[in-house]
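Read the structure below first, then the notes.
None of the figures in this text is laboratory data; all of them are computed from the coordinates on show. All values reported here derive from a predicted model rather than from experimental measurement. No Cβ is skipped: glycine too gets one built from the backbone with ideal geometry, and neighbour counts run over all protein chains shown.
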Amino acid sequence: MASSRKMSRPNRLIPYSLFLALLTVLVALGASYARWFLPLTAGPLILLAYHSYKLHKVHLEEVADLHLRTIAALAVAIDAKDATTHEHLNRVVVYAAAIGAELGLPEDQMKALRAASLLHDIGKLAVPEYIISKPGKLTEEEFEKMKIHTVVGAEILEQAEFPYPVVPIVRSHHERWNGTGYPDGLKGQEIPIGARILAAVDAFDALSSDRQYRRALPLPEAMEVVRKEAGICFDPMVVEILERIYLPVDELLRSSPRAETRLSTEVKIERGKEPKAGLSIEKASDTSSALYWIIRARQELQILYELTQALGSSLNVDETHRVLADQLQRLIGFDAIAIYLIQDDKLVPRFVDGVNAPLLARVQIPVGQGLSGWVAGNGKCSLNGNPTVEPGYIHDPGQFSRLRSALSVPLDSPKGIIGALTLYSLFQNAFTVDHLRILKSVGVKAGAAIHNALLHEAMGKSAETDGLTGLPNARALAARLEQESARALRQNTPYSVFVIDLNRLKLINDTLGHLTGNKVIKQVAGALQGCLREYDLAARMGGDEFVLLLPGMDPESAASKRIELSLAVQALNAEFPDVEISVSMGSASFPADRRDFEELIALADRRMYFHKREYHKNRAHALVGAAAEEGAAV
């Protein structure tokens, strides 16, 4: 109830003022007709005027109190935004007010200085938290993003219409005495006195406070750093006063603990009770407004968080690339994307999407050359580079004429640079420094994620690859057989399997050694592989046994393939004059022989062993015949 009475008091001023004005007019009219009328009414008029003055004064005090409470509330919001500002704002207010008092600033400027000391960093609402809280030095692009907090802060506070000059102080508190500051490059006395005080005090307190990237300096050391910057960054007069008062003020601060106000940032909202979120403000889409940049910072942080979560949980290379492309499209508008990975000193496109994707997919760029090659070779970024330098490594550069600018960053990983991430646009100079900052941040995360996915892919391949021949192993064969069997059953198409055994491998190992035996196995594997189509599969089951999977092949075609395979292996005897190289083979076909792939393998295996027994029987007969002929000759 008290609150509603306070809010209604300013409204009562309007009818009261109108009544007083009307009464004054009536008194003036009465005095023009009778002289005694004015002395009679003078007392009541004076009392009414005095009461009006008191009421107006109370109203002004309430407005001033409202401003102060608004300032305090906004200061709490800044505290919640940036963990490093804890207690920082209060100390800055006290130091700044002490210097202002020493300079004898008027009351309006003192009020402005106190308000600006609390609100000077409110523009950081438009800066993503990962930049504000970064433990190390900011990159050039991140620092450019940080600079906008002075302008955004001033734009926010302009809406409050403070009765004293707060906005110029907030806008200029990062200007330098020598004119090298931002955002306007003001110099010396051009900088508002409040901003000059705030600049020195803010720097001094930052140096003497713990930050993510360094420990606090002792007060005398912090003061020495500020003193050395007098006449360069800071007003020498302000620094001289700060040097004189900083110890007494610090003692005052230590003896006056400040009650903290904490926002309920950890409160859990139960389902069905969530407050409605979202902004329905028209200026939210206006890129010149402070609100736009605040919303943009929130969106950027959310997307980067989602991207980090997705990259961290993905161990599939292609899935990692797709997640990266989808999330980047939300952050940076582009018309084409290419993720190049280094292979044999060349950048090979592993993922492409968008305009000219078929052409980009054929590009192979020597490391150090072209746009993306230069980025990967030098570990540096390229902003709005010329995409037409990329297609010099294919034979149709004219097709790239649609792409006019490119943004490229190296993909850095724990093992070094593994490639380049390049975005292309149809427009010239389409990308900004802000885009570069975002892509550099993403590139670091993406490089590590892609590196991990590549390791996982390599481990998966090694787990399914025979170490000697490079052919798929039994594990890979089982998975492929299951897929092909399901496809053949679904589409009613044939396929054949071969089981092949290398003859007399033990004899080769015993007489010529295992190195020669391994060489024979590799050569046989190569001969078998050379007879297959690109979609066929040759696998080594271990030892001297191989299995072939031939999709779409019926029994008649399998018989022809058997002859081709035998001749290919037989041709290897020219390379190994000291041994006889041959194989035993058995085959079976779906659906002519069996419909279950395990039964097909078993049937082909039995047929192979039958062929092997025939081989050994024939060889034994040949040896007996050769011995008989030799005996007859003797």
Spin-label pair Glu534/Thr493, simplified geometry with 7 Å Cα→Cβ offset, distance in nm: 1.5
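With +1 assigned to the C-beta of every Lys and Arg and -1 to the C-beta of every Asp and Glu, and no other charges, what is the dipole magnitude of segment 510-602 about the Cα centre in debye, to the nearest 20? Provide the component values of the computation, followed by the final result.
Working: 8 positive and 15 negative charges, 39 e Å.
So the dipole magnitude of segment 510-602 works out to roughly 180 debye.
Go through 91-98, 369-376 and give me the packing order, highest mean Cβ count within 10 Å leading.
Ranked by mean Cβ neighbours within 10 Å, highest first: 369-376, 91-98.
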Size of the dipole of segment 413-499 about the Cα centre, Lys and Arg at +1 and Asp and Glu at -1 on the beta carbon, nothing else charged, in debye to 20? 200
If you stretched the chain out fully between Val433 and Ala357, how much longer would it get, using 0.36 nm times the residue separation minus the C-alpha to C-alpha distance? 24.8 nm
Give, in whole angstrom and from largest to smallest, the semi-axes √(5λ) of the equivalent ellipsoid of segment 408-504, with λ running over the eigenvalues of the Cα gyration tensor. 44, 20, 11
Between Arg330 and Glu224, what FRET efficiency comes out of the Förster formula 1/(1 + (r/R0)^6) with R0 = 45 Å and r the beta carbon distance, rounded to 0.05? 0.45
What translational diffusion coefficient, in µm²/s and rounded to a whole number, does the Stokes-Einstein relation yield for segment 166-206 at 37 °C and a viscosity of 0.692 mPa s, taking the hydrodynamic radius as the Kirkwood radius over Cα pairs? 337
Rg [Å, one decimal], Dmax [Å, integer] - segment 550-601, C-alpha atoms: 14.2, 43
How far apart, in nm, are the 7 Å Cα→Cβ label points at Thr511 and Glu251? 10.4
Can you order the peptides 237-244, 180-187, 165-172 by their average number of other Cβ atoms within 10 Å per residue, highest first? 165-172, 237-244, 180-187
In whole Hz, what ³J(HN,Hα) sequence does segment 237-250 give by Karplus (6.51, -1.76, 1.60; θ = phi - 60°), x for Gly and Pro? 5, 5, 5, 4, 5, 4, 5, 7, 10, 5, 5, x, 5, 4
Starting from 0.36 nm per residue, how many nanometres of slack lie between Gln159 and His616 once their C-alpha separation is accounted for? 154.7 nm
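So what is the diffusion coefficient of segment 473-513 in µm² per second by Stokes-Einstein at 37 °C and 0.692 mPa s, using a Kirkwood Rh over Cα pairs?
253
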Applying a 10 Å radius around every beta-carbon, put 487-493, 580-586 in order of their mean neighbour count, most first. 580-586, 487-493
Taking R0 as 45 Å, what's the FRET efficiency between Arg480 and Lys380 from their Cβ-Cβ distance, rounded to 0.05? 0.55
Suppose each label sits 7 Å from its Cα in the direction of the beta carbon; what would the Lys519-Glu598 distance come out to in nanometres? 4.2
Dipole axis of segment 96-144 (+1 Lys, Arg; -1 Asp, Glu on Cβ), positive-most option in Ala101, Ala126, Phe143: Ala101
Pull out the extension gain between Glu556 and Tyr609, defined as 0.36 nm times the separation in residues minus the alpha carbon to alpha carbon distance; nm, one decimal. 17.0 nm
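With the cut-off at 14 Å, report for segment 501-580 the share of all Cα pairs above it, as a whole percent.
64
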